[in-house]
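Report on one structure; see the data block that follows.
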Amino acid sequence: MKVPSILFIALSSCFISACSTFTDVHYDKRALEHNNNVTANELLATQQSGVMALSALLSVDEANQLIELALQNNPSLKQALLTLKTAEQQLTQSEASLWPSATYGVTANKLGNSTASYDASLDVSWSLDIWQRFSNSASAQSATVAATAFAYQGARDLLTANVMKAYLGLVQYSQLIAIETERVATYQTNEKVIVNRYRKGLVELSDLDTAKSSTQSSQATLVDYKNQYQQALRNLALLTGVQDNSLDYRTVFPEVLVPLATLEPQNLSRRPDLKQAYQTILANQYQHKVAYKALLPNLSLTASLGNGSTNLHEALFGSNAWQLLGQLSAPIFNAGKLKSEVEVAKINAEKSYWAFQQTLLTAVNEVDNAVAQESTLTQRLALTESALASAKRSAVTNTERYRKGSVSLIDLLQVQQQTFSLQVQVTQLTYQRLVNRITLGLALGLGD
C-alpha cells in the first residue's frame, strides 16, 4: 500500500470518528422556551426605546449631578469598562484568524572580504476555514463581548441605583437628626419645669433623675444619628469618587415614581444580567463547536516569494522565485484530550443554561418581592402617620395636665416618647418605601 493511501485512510477514519462523537446543543432555544416574557430579539437588543431611565424615578438636580459624578469617577465602573475594551480587542484578535497573514523580510550577509549578499522574502500563510472553526471562534468571542457589554451596563445601573439610595439616606438622617434634636430640647424643657416644681416641693428628686436620664439617652441617640450621617457622606464619596462637592442636600424627601405605574406590563428582558446570561449561553455553544472542529482535518496554504542578490535593489525589486505549499493535517492520537475538551465545552454550555435559569428565577423573585413590599410599606406608613397625628394631640394635652399636676412625669414621658418614636418610624418607613421603588426599577431592568 502506498503512503498517500495510508494517509488518506487515516484522515478519513479521523473525520468519521469525529463526526460520530458530535451532538450539537441548543440551550439558547431551551432558555427562551422556559420564559414567555423574553424573546430572542429583546435579549439580543443592546438598547430599547420607550423605556424610562432609572434616574428618572428620582428627578432631583443634585441627585442627577451625583449620578454623573459617579459614572465618570467610580473606580469599579472604570474597571468594568476596561474589561469591555479588552474583550473588544480579543474579538479583533479572533477575527484575524479568518484572514491570511503576510510577513516580509530582508537579510544581509557578509563574511570576511567577500561581497555582501541580500535575501528578500515574502511569506503568506492561510489556514482555510473549511469547517468554519475560526468563524465559530469569532462568533463565540462576539457573544462574549456582548455579555461583557451587558455586565458593564448592569454595573452602571447598579451604581446609579446606589447613588440614588445614598442620596435618600442623607435625607433620612437629616430628618432623624432634626427629630432627635427636638426631642432633646423637649426633655431639657421638662428638666427646667421639674426643677421649678422641685423647688416648690411639688415633686420628688427622683423625677428630676428620670428626666435627666431621658435627656441623656436622647443625646446619645443624636450623636449616633450625626455619626451615621457623616458615614453616609463618606459612602457617597466612595460611590462618586469625589471626596468633596459643593452640593446642598435637601432635608425633605423628594418624590420617587412607582415604576409599575409608568411602564408597560412587566418584561424582564430589559435586565442586563438576563441578557448577559443569554449571551454567555451563545458563547459557550460556539465554543462547543470550536472544540469539536479541532478534531477535524485542517488545510493550510503557504506561499513564499524570495530572491537573493549581491545588489540590494535587485534583491528587493528583481524577479522573484516563488513556491506554493499546501498542508493537510488532522489529529490521529492525543490520548482523548481533544474529545475531552469537546465534553468540557458541552458541560460549560449546559452550566450557562442553568445559570440563565437561576438569573431568571432571581429576577422574578426580586420583582415580586419589591411589588409586595410597595404595598406593605404604603399601608404601614399610612397607619403610622395616623398614629402620629393622634400621639401629637395626646402629647399637647398631657403636657398641659402635667404642668397642672394632674398627670405624672412618667405618663408625660411615655406620651412624648411615643410621639417622637412615631416620627422616627414615619421617616424610616418613607425612606424604605422610596428606596424600594428604586429597587423595583432596578429589578425591572430600567437603565441609567
remark   = Exactly one of LEU442, LEU429 is in a helix (DSSP H, G or I) and under 30 Å from ILE281 (Cα atoms), and that residue is LEU442
query = On the given criteria, is PHE8 at pLDDT below 80, in contact with a helix residue (DSSP H, G or I) (Cβ under 8 Å, 6 or more places away or on another chain), farther than 25 Å from ALA363 by Cα and not basic (Lys, Arg)?
reply = no
task = Within segment 183-216, track down each residue that is surrounded by fewer than 14 Cβ atoms within 10 Å (Cβ to Cβ) and under 20 Å from VAL415 (Cα atoms).
result = ALA185, THR189, LYS192, SER206, ASP209, SER213, GLN216
request  = Starting from segment 91-105, take each residue that is at negative phi and list its partners that are assigned to a loop (DSSP other than H, G, I, E, B), counting only C-beta distances under 9 angstrom and pairs at least six apart or across chains.
outcome  = SER97/ASP129; LEU98/ASP129
message = Can you confirm whether SER390 is surrounded by fewer than 20 Cβ atoms within 10 Å (Cβ to Cβ), part of a loop (DSSP other than H, G, I, E, B) and in the same structural domain as LEU208 (by TED's automatic domain parsing)?
response = no
inquiry  = Exactly one of these conditions fails for THR359: (1) out of contact with any Asp or Glu (no Cβ under 8 Å at 6 or more places or on another chain); (2) modelled with pLDDT of 85 or more; (3) over 26 Å from THR430 (Cβ atoms); (4) surrounded by 15 or more Cβ atoms within 10 Å (Cβ to Cβ). Give me its number.
reply    = (1)
ask   = With SER300, SER246 as the choices, which residue is touching a Phe, Trp or Tyr at 6+ places or on another chain (Cβ under 8 Å), surrounded by fewer than 21 Cβ atoms within 10 Å (Cβ to Cβ) and modelled with pLDDT of 65 or more?
value = SER300
task = Restrict the check to segment 404-417 and report whether at least one residue is in contact (Cβ under 8 Å) with a residue 24 or more places away in the chain, among the acidic types (Asp, Glu) and assigned to a helix (DSSP H, G or I).
result = no
query = Any idea which of THR359, THR384, THR376 is out of contact with any Cys (no Cβ under 8 Å at 6 or more places or on another chain) and free of Cβ contacts under 8 Å to residues at least 24 places away in the same chain?
reply = THR376
task = Answer with yes or no whether THR397 is surrounded by fewer than 19 Cβ atoms within 10 Å (Cβ to Cβ), in the same structural domain as ARG156 (by TED's automatic domain parsing), free of Cβ contacts under 8 Å to residues at least 12 places away in the same chain and part of a helix (DSSP H, G or I).
result = yes
Single residue of GLN219, GLN230 found to be closer than 18 Å to SER421 by Cβ and more than 26 Å from the chain's Cα centre (by Cα) = GLN219
task = Would you mind telling me which numbered condition in (1) more than 30 Å from ASP24 (Cα to Cα); (2) in contact with a His (Cβ under 8 Å, 6 or more places away or on another chain) SER390 fails?
result = (2)
query = Any residue at all in segment 419-432 that is at pLDDT 95 or above, aromatic (Phe, Trp, Tyr) and touching a Leu at 6+ places or on another chain (Cβ under 7 Å)?
reply = yes
task = Filter segment 126-176 down to residues that are among the β-branched types (Val, Ile, Thr) and farther than 30 Å from LEU296 by Cβ and give me whichever is surrounded by the fewest Cβ atoms within 10 Å (Cβ to Cβ).
result = VAL171
ask   = Does segment 341-349 include one or more residues that are within 23 Å of the chain's Cα centre (by Cα) and either farther than 30 Å from THR186 by Cβ or part of a helix (DSSP H, G or I) (or both)?
value = yes
query = Among (1) assigned to a loop (DSSP other than H, G, I, E, B); (2) modelled with pLDDT of 80 or more; (3) over 23 Å from LEU442 (Cβ atoms), where does ASN284 come up short?
reply = (1)
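The values are calculated or read from the model by the stated rules, or taken from the named source; none is laboratory data. Please read all numbers here as calculations on a predicted model, not as lab measurements. No Cβ is skipped: glycine too gets one built from the backbone with ideal geometry, and neighbour counts run over all protein chains shown.
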